[in-house]
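Report on one structure; see the data block that follows.
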Amino acid sequence: VCSSDLTYYCTAYPKSAQGEYKLVLDKGKSVRTPEHYSEMLKKNLICSFFANQYNQALVRAGFSDKERVYVQRTSIGVDNQTLYQLDPYVKEEDIVTYTDNTVYINEGVPLMTAFAHFTYEFSGNKFLVNNLKGVQNLLIDPGLHSHDMEFSEFGDLGIEGMFYFFRYHECNDYCKKLGLQPHISQSNRKYSPLKEPTQFSLSKCIHKCAFYYCNAPAEKE
């Protein structure tokens, strides 16, 4: 049981897939409206769409097939007209934070920080994916800064949050090969970029499609 939510572990046996899936069922202590879940799913889908576009851009730029980013799928369940959130189970001790939604930007994992930079430019400066945390290249519940702060309930800080990111982001080899342009905040940086040692191995990255992890057609996987 978490401080703000009621969390349970469960197992699902989807008819469309073989085997079982360990899940986390999340019920908020306070009543969550259908609009809350709708916005959460919208945020998740936008982040998944950006990950798909980023992966395609990495292919065009000649990066290896293991250099990819995926977003964990979130589902909504219904029980006696009560809505709840379903996520794949991931051990908490395995989760690593790459960025938060303000000033923690770890350039020790350039694949992730370049992804955030890519989303800003790809969306025409309207969105920036933030709060990047997960297991290797599988991101869990990423956040979004949007131009109109449409996801303020989920940590959306709008344009200010975007400036936070770029103030601490240092363009890397991914940014350069993808042709991403520097942001004005980077030229005014007063602090050295953080390159905190982080366990991240491309050889261990999850790069195959699975029922609860799929963001795009599986292609070869």
Taking Lys190 as the anchor, which aspartates and glutamates have their alpha carbon closer than 15 Å to its alpha carbon, excluding any fewer than eight residues away along the same chain? Glu170
Among Ala51, Ala12, Ala61, residue whose mean-square fluctuation peaks in a GNM of the chain (springs only between Cα atoms under 10 Å): Ala12
Share of alpha-carbon pairs per 5 Å distance bin for the stretch 75-138, given as whole %: 4, 15, 20, 17, 16, 13, 10, 5, 2, 0
For the chain, the accessible surface attributable to carbon and sulfur atoms (probe 1.4 angstrom, ligands and nucleic acids excluded) amounts in percent to 51
When the helix-only estimate is applied to the chain (DSSP H runs of n ≥ 4, each -39,500 (n - 2.57), divided by the residue count), what is the mean residue ellipticity at 222 nm, nearest 500 deg cm²/dmol? -8500 deg cm²/dmol
Environment charge at Ser192 (Cβ cut-off 15 Å; Lys +1, Arg +1, Asp -1, Glu -1): +1
Using a 1.4 angstrom probe, figure out how much accessible area the chain has per residue, in square angstrom, rounded to the nearest whole. 55
In µm²/s, what is D for the chain at 20 °C and 1.002 mPa s, where D = kT/(6 pi eta Rh) by Stokes-Einstein and Rh is the Kirkwood radius from Cα pairs? 117
From Cα coordinates alone, what are the radius of gyration and Dmax values for the stretch 33-104 in angstrom? 15.7, 50
Can you list which of the trypsin sites (Lys or Arg not before Pro) found in the stretch 1-100 are DSSP loop residues with at most 12 other C-beta atoms within 10 Å? Lys15, Lys29, Lys91
Given a Förster distance of 30 Å, report the FRET efficiency between Lys177 and Thr198 from their Cβ-Cβ distance, rounded to the nearest 0.05. 0.90
Using only alpha carbon pairs under 8 Å that are at least six residues apart, calculate the relative contact order of the stretch 46-152 and give it in whole percent. 25
Connecting C-alpha atoms closer than 10 Å in a GNM of the chain, tell me which of Pro182, Pro14, Pro142 has the biggest fluctuation. Pro14
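The values are calculated or read from the model by the stated rules, or taken from the named source; none is laboratory data. Keep in mind that what you see is a predicted model, and the values were worked out from it rather than measured. Here Cβ is always computed from backbone atoms with ideal geometry, including for glycine, and neighbour counts include all displayed protein chains. Side chains included, ligands, DNA and RNA excluded: accessible areas come from the protein's heavy atoms. Shrake-Rupley method; radii C 1.70, N 1.55, O 1.52, S 1.80 Å.
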